[in-house]
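Structure, as structure tokens:
Readers should treat all values here as calculations from the given coordinates under stated rules, not as data from a laboratory. Fair warning: this is a prediction, and the values are worked out from it, not measured in the lab. Methodologically, a virtual Cβ is constructed for each residue, glycine included, from the backbone with ideal geometry; neighbour enumeration extends over all protein chains shown.
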Amino acid sequence: MEQQAEDFDLEARELSPVETLRHSAAHLLASAVARLYPGTRFAIGPHIEHGFYYDMDVAGTISEDDLSRIEDEMRTIAKGNHPFVRTHMNRADALAWAEQQGQVYKAELIAGFDTDTVGFYTHGNFTDMCAGPHVRYSSKLKHFKLTKVAGAYWRGDEKRPMLTRVYGVAFETKEELEKHLHFLEEAKKRDHRRLGKELDLFLFHEWAPGAAFWLPHGEHIYSTLSERMRKLLAGEGYSVVRTPLIFDSQLFQTSGHWQHYRDDMFHFPESHHGDKEERLEAQEAHEQRWYGVKPMNCPSHMLIYRSRKRSYRELPLRLHDQGVLHRNERSGALGGLVRVRQFSQDDAHIFCMEDQIADEVAGVLSLVDRIYSAFGMGFELHLSTRPVDKLGDDALWDQAENALREALDRTGRPYGIKEGDGAFYGPKIDFDVLDALERRHQCATIQLDFQLPRRFELTYAGADNQLHVPVVIHRAVMGSFERFIGILIEHFAGAFPVWLAPEQVRVLTVSERTNDYGRDVTDRLRAAGIRATHDDGDDKIGYKIRVTHGKKVPYMAVIGVREAEEGTVSIRSRDHGDLGSLALEDFIARVQGESDIPF
């Protein structure tokens, strides 16, 4: 139920009612911290999706254990029914106020304003600089909860102070809050970082930040997806290539990445092996060459295309590359598998003629649909248009955007528009993939590029015997394998389908008397191509079953004396419970039938 309009300060309002509610909750959080931690210096406290946060230089420390105490103080303040009162100061007075209060972050913000007046809001005895809007009274803030504490550099600059960021969620009704808290609990259970450790899939180490160590079970998943994609694309007319890891910076200068992307690349100067005097001379003469570790494959694929003359008969030319890529992500942005510094993609670039664009885009859309439906994941489409820092002139951008619109319209699929969200070299189609919790993940992408072929002077001989410039479609279906596997872990909550599960069957023997038959069953399963292991330890069968269930193995084959005598297996399914006794041949056929990759 939406709150009534009179509950809000509507003057110059640009936020929705629920956004206003969440923004007010951020101020409520700050007022509670000011009471409990006198001397705290406040930075910013915006509303975000589902809630709010506030960045603070806390006079003391705030941990997860402190959140309930802060939350109680917020509720006490809210029940005071304090009005949110709006006032203004001129810029000089506002700066004096911030300096007098010791609010150095507010002072820095005010110093950067280009307006003559600065807005403030007061509720109770707490005043904060803010443009608003807010709810009318603090008592309107009822359905909120603080969720976590994190660190955040002031203004995102790692050279600036590390602030304490407290997150919370807020809703208009109790039912909405409870529903979201349930969602957060489910998301916590599915966290791929926790499951990755519990299921022995991967690990990270501080000496290799942002790069995963793939353990045997995780490597199985990785290689299954990688090899299947290679085989699938071979049937779609793609040619697999592999390109160098390190390039002279001239490659990236030509592509534009050196100008637009250098800070996100690992790059370094050429090492001189002469004496110190020679090295200094080279530096002073500005003759030192720079190299970059490739963050994407597209510039190197331009060199492959340009390596010889091309004819229209070769087009479309589809190049697929799963080479290792590196991006210099900030340490604070790293997050398990979904944000890493080293990764590989199911990357491809399609060199084609303009009249082939629609068919190629339709082919990629069909491929995306085929793969994501196999995982039970839907998606939404968006056309992302030219960004502010684009390459090239508007005429080419108009041409590229219109070509993608026409290709999308031909499919009959609905799509939205993301203004200004395209790549610097071209517009793109983004796929917002929906997981089991209806969360959106941007994985697949189709990018239409009229710029790089011109920057690399690519041509092909047309049917008219004239030279023409090809168009390049950058496309990925799964995207980064690392990120996609992280999403899959959470989508399936670690319970992978039989065809993808690293361990499909665990054979559990009840006693030492049945170990020989258990090993024979395991050998026959493996001979049939089934990924099976044998637990012949001395633990009781109940314990073995619990452990196997915790590892989310799809099938358990329990071997007791009767099974050994009859040559059968007693089957427990992770998803369907006790299936009773089956002839081993029937069980093998069942698992094999579920082992076919569905795309």
28 Å Cα-Cα threshold exceeded, pairs from 106/418; 197/294; 140/179; 106/148; 197/544; 231/390 = 106/418; 197/294; 231/390
Distance between modelled label sites at residue 131 and residue 187, nm, 7 Å Cα→Cβ extension | 2.7
Can you give the relative contact order of the chain as a percent, counting alpha carbon pairs under 8 Å and 6+ residues apart?
-> 10
Per DSSP H run of at least 4 residues, take -39500 (n - 2.57); add these up for the chain, divide by its residues and hand me the 222 nm value, nearest 500 deg cm²/dmol.
-> -11000 deg cm²/dmol
Working out 0.36 nm times the residue gap between residue 436 and residue 354, then minus their Cα-Cα distance, what length gain in nm do you get to one decimal?
-> 25.7 nm
Charged-residue dipole, Cβ positions (Lys, Arg, Asp, Glu), the stretch 505-593 about Cα centre, Debye nearest 20 = 500
By how many nm would the segment from residue 88 to residue 549 grow when fully extended, if each residue of separation counts as 0.36 nm and the alpha-carbon distance is taken off?
-> 159.8 nm
Residue order, fewest to most surrounding Cβ atoms within 10 angstrom, among 123, 267, 576, 326 | 576, 267, 326, 123
Proxy reagent accessibility, fewest Cβ within 10 Å first, across 137, 372, 53 = 137, 372, 53
Looking only at the stretch 141-164, which residues have a backbone nitrogen under 13 Å from a spot 7 Å from the Cα of residue 334 in the C-beta direction?
-> none
How high is the FRET efficiency from residue 262 to residue 306, r the C-beta distance, R0 25 Å, rounded to 0.05?
-> 0.65
Loop GluC sites (Glu not before Pro), the stretch 397-432, which have at most 10 other Cβ atoms in a 10 Å radius of their Cβ (DSSP) | 419
Here the gain from full extension of residue 512 to residue 176, 0.36 nm per residue of separation minus their alpha-carbon distance, amounts to 115.5 nm
